[in-house]
């Protein structure tokens, strides 16, 4: 060991000048990595912008095509100061469809356990989706019959396109992540909650069994997944659903109710 250290210092004394090109190479590599990371980030943002633009164009094309079918071969003037109601109605349908897909996660506790990132605003892509939702909701006209300007509908059209793309990206990421962001003990708690949830909504279980399972589901999820008030309400209704009692056979006409003939 001493011979190795001595040999190293002998080498360092003779070739000390090599430290400068080595440092330059290291600095250049670090700078190149940083630039490459920045370029990847910029490409990703550009991809998201392109997807949003394509989605916007797709929505607009479908809306105008639908309108053309209803009104005949006439060309729609999208530069008019007042936008046709058919276009607004079509955007409403697109907007509502995305919201319904989101609520399918938000109100279904089983899905929230399976894909927790969809309810976690700390996840960057989920946070981006929630911002896009807020923007689209704010720009939505009061009704499909409301008079809106070209500027208003252009902004709303872009917002709905961004909303759709943001949801698709957040959903794909949540399905990729699943429970990977949790620790092993936390994943075991999620697994137990999933199993208990099946009992809590099982119509073949007694009410007492469902109540106990529901309570334990809430305990397992505490601190892991924040359930919205609406999700809790939906789940409680499922747990409290009355168990169908077997219908007692009715006595046949002409009998005394015990199968005998009236005296």
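The values are calculated or read from the model by the stated rules, or taken from the named source; none is laboratory data. As the structure is a computational prediction, the values presented were derived from the model and not from experiment. No Cβ is skipped: glycine too gets one built from the backbone with ideal geometry, and neighbour counts run over all protein chains shown.
Collect the residues in the stretch 107-119 that are crowded, with 18+ Cβ neighbours inside 10 Å and out of contact with any helix residue (DSSP H, G or I) (no Cβ under 6 Å at 6 or more places or on another chain), keeping them in residue-number order. Correct list: 116 only. In the set (1) surrounded by fewer than 17 Cβ atoms within 10 Å (Cβ to Cβ); (2) in contact with a helix residue (DSSP H, G or I) (Cβ under 8 Å, 6 or more places away or on another chain); (3) free of Cβ contacts under 8 Å to residues at least 24 places away in the same chain, residue 151 fails one condition alone, (2). When 221, 197, 226, 157 are checked against the criterion of being touching a helix residue (DSSP H, G or I) at 6+ places or on another chain (Cβ under 9 Å) and either in the same structural domain as residue 117 (by TED's automatic domain parsing) or at positive phi (or both), a single residue qualifies: 157.
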